[in-house]
1. Being over 29 Å from A:GLU95 (Cα atoms) and away from DNA strand F (no atom under 14 Å from the Cβ) narrows it down to one of A:GLU64, A:GLU47, A:GLU76, so name that one.
2. Could you say which residue among D:LEU103, D:LEU93, D:LEU68 is hydrophobic (A, V, I, L, M, F, W, C), crowded, with 18+ Cβ neighbours inside 10 Å and more than 13 Å from DNA strand E (Cβ to nearest atom)?
3. What's the number of the condition A:THR73 fails, among (1) farther than 23 Å from A:HIS174 by Cβ; (2) in contact with a Phe, Trp or Tyr (Cβ under 8 Å, 6 or more places away or on another chain)?
4. Give the residues of the range C:19-73 that are over 19 Å from C:HIS119 (Cα atoms) and not in a helix (DSSP H, G or I), sorted by residue number.
5. Which of (1) crowded, with 19+ Cβ neighbours inside 10 Å; (2) small (Gly, Ala, Ser); (3) in a loop (DSSP other than H, G, I, E, B) is the odd one out, the single condition A:GLY87 does not satisfy?
6. Which ones in the range A:20-44 are among the small types (Gly, Ala, Ser) and either near DNA strand F (Cβ under 8 Å from one of its atoms) or away from chain B (no Cβ under 14 Å) (or both)?
7. Would you point out which residue out of C:LEU183, C:LEU168, C:LEU176, C:LEU194 is modelled with pLDDT under 95, part of a helix (DSSP H, G or I) and of a type in the set (A, V, I, L, M)?
8. So in the range D:46-55, with the set limited to residues that are near DNA strand E (Cβ under 8 Å from one of its atoms) and away from every other protein chain (no Cβ under 14 Å), which one is farthest from D:PRO137 (Cα to Cα)?
Protein chains: 4
Amino acid sequence: MISKAPVQFQRRGRPRSERAQQAILGAASDLLYEQGLSAMNVALVAERAGVSKATIYRWWPSKEVLALDAFATDWETISPVQSPDTGSLRGDLHERFRIFWRLMRARPVGRVLTGLAAHAQADQEFAELYRERFLEPRRIATREIFQRALDRGEIPADADVEVALDLLYGSLLHRLFQGHAPLDDHFAHEVVELVVAALESRTSA
Amino acid sequence: MISKAPVQFQRRGRPRSERAQQAILGAASDLLYEQGLSAMNVALVAERAGVSKATIYRWWPSKEVLALDAFATDWETISPVQSPDTGSLRGDLHERFRIFWRLMRARPVGRVLTGLAAHAQADQEFAELYRERFLEPRRIATREIFQRALDRGEIPADADVEVALDLLYGSLLHRLFQGHAPLDDHFAHEVVELVVAALESRTSA
Amino acid sequence: MISKAPVQFQRRGRPRSERAQQAILGAASDLLYEQGLSAMNVALVAERAGVSKATIYRWWPSKEVLALDAFATDWETISPVQSPDTGSLRGDLHERFRIFWRLMRARPVGRVLTGLAAHAQADQEFAELYRERFLEPRRIATREIFQRALDRGEIPADADVEVALDLLYGSLLHRLFQGHAPLDDHFAHEVVELVVAALESRTSA
Amino acid sequence: MISKAPVQFQRRGRPRSERAQQAILGAASDLLYEQGLSAMNVALVAERAGVSKATIYRWWPSKEVLALDAFATDWETISPVQSPDTGSLRGDLHERFRIFWRLMRARPVGRVLTGLAAHAQADQEFAELYRERFLEPRRIATREIFQRALDRGEIPADADVEVALDLLYGSLLHRLFQGHAPLDDHFAHEVVELVVAALESRTSA
DNA sequence: CGGTAATCGAGACGGTACGTCATGTCTTACA
DNA sequence: TGTAAGACATGACGTACCGTCTCGATTACCG
């Protein structure tokens, strides 16, 4: 949950309904994938979850935060936490993005993500939350892969890992968001190959 | 203009008011940059342009299409049509993206672009228009740069130009959209360097 | 025509198109009977008449005046000018209202008339026109019938003919406007009988 | 109120704001009398009532139905429910129409009523509502007066009461709607006298 | 016979109201 | 105190019709 501090001892009054929270996130997630953020409206989430609108607004400050929570929660349940360690940068990246890619294609994630990104532009606080909840976890895991490559001396110590991350995620999300070209295995493979080639070539420089 | 075919001989009836169209696009563009797509509302555009809402809807089917038209028109007026030719792939790309970058920073373009991209996810027809009007023109110009490099033999004949384009535009737009790291000159420079290095290193492979 | 003074000698410039005027009145009349005043819109009249909106507004100051003109013109073509003279008040009235009644039922006149009456409440000038063009001609003709009855001594010299007219036309139009009861022959007959009975009974008073 | 069934036990959810409903009907009624139906617009009613447009549309399906409700409600509050019983048909009718007449003149009712009647011609469902809400209540009360006269034997058993009602209301509303002659006491008196005379004279027939 | 002028078709325009929809808040009764 | 039900304010949406306007094209007369 995003919204409230964890229960410490035992709060007074009727306890928060766990069932309701699950139902809300589930319904929100479903609607999000069906139509995207702009079509996920709170009244509909409430109806599908068998819950009142007030209950939703009690725990999430806006529909966008709810959407982010639903989306990230869903993503977390289907995505492995651990980065693979195959022994080489190339191998690790291929493995990691193979999985990432599969998840991306399993759900119409572009619709959701562009909506969240758009809202983040208009709301600083939400932007922070969005990066924390979706972007950074992915980057951290991938950063570890580069760290291992640095430790192994595969890439030069001054390699700009942050830029490499942007090349990887940026190009993938670009195709996802803009839809101008297919998101196939060949593309994912080629992106990784080119980024690795770039970093390695600069090693000798 | 998006909406009408060019004048052929002499159209019957009262001619479309050039002044009104300019004013509408101008007002829309202003509002777009001030607040972003979601805050640009048609009544306000009409008021600022000194025009009636009906006139807007006569020529643009929705506020999003108007926004796209205003944004692309604005972009076209400030953006050079020609790709530079410095004699080398590296030089051409640096030059091109230096300009692109400057334009990006001259206006709060992120808010607008994410808004348009988000809407494109919900509206197929609009997505087509969006790519045609914003995305493709940029890619075409950059593709020419790669073509010249291919002609000069700087990069291998089988180099995947489309992927290179996605690496370039994807990573730049990624930072613009997600806002997780600064959009500085160093970054723009590094992206181009890495992409060129990648393509060249694979030449020798 | 309502709108312009008659041509005196020969006006300069292109003469008014007789064909267009007929087509406009015809189209307006058709639409009026089909749907009533509120559904008769000027653009549609123009389209049906194969005429431009500007031409309509050149000759009629508003859609209501056009409607009144179309309605009254239509009514005049189907309605006999002369009042019958059967020799008795009762006979004359039955004859007159038999015809009036038949016309009323031949066309969905209620839809049109209520619209015009409603507009007359909001527009003094139009109200004047409306009475002049529709109401008074009918009353004048019926007044003649009463005058003959007075001349014959059928009804007392102090009989209030104006009230009698209101009883006759008022009750008929009431059913037409409100639609709470059928507009059958029995009703028309009974109305005339009661009014004649009332006037005659007061003779003896 | 038109819209909802009466409260049974205790309804769930936030109860309908009684204050808002009163304010809406009041504002609508005011505007109706000030300018007539066509000038009563929903946004203005909302503003005057200190209420949102959405609240109005929640309870009334169109501005016309709202207008009817406001008009009828207003009429009900100022109009006595009971028919007078003076012991004679003539007395009862004079008394009843004296009151009716006073109400009619107390407010610019013509504009409102013609507007409603005109709309009823274009909307079957509304027509039903209009008769139910405005027309029938008046006729029912007056029918009682005739019933008493029948019971007393003042008028023949086969007298057509419905036609008599149309003569009374029709002629009064005729002057109100068409405005061709004044709505004075003399007229109201004369109408009643003539109708009574007609019914009585046919008694002896 | 060419100029002048009113008229016409086409259709763009400003204005104004309509009715709909979604957000987020609030007010009840019940658990 | 939490929750379901649902009323409410706010504010934008896109549509429709009105009456005005601006063109070019047409059709008379008048000099």
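The values are calculated or read from the model by the stated rules, or taken from the named source; none is laboratory data. Everything numeric in this text was worked out from a predicted model, so none of it was measured. Please note: Cβ atoms are built from the backbone with ideal geometry, for glycine as well, and neighbour counts cover all protein chains shown.
1. A:GLU64
2. D:LEU93
3. (2)
4. Residues satisfying the conditions are C:GLY50, C:VAL51, C:SER52.
5. Condition (1) is where A:GLY87 drops out.
6. Of everything in the range A:20-44, those that are among the small types (Gly, Ala, Ser) and either near DNA strand F (Cβ under 8 Å from one of its atoms) or away from chain B (no Cβ under 14 Å) (or both) turn out to be A:ALA20, A:ALA23, A:GLY26, A:ALA27, A:ALA28, A:SER29, A:ALA43.
7. C:LEU176
8. D:SER52
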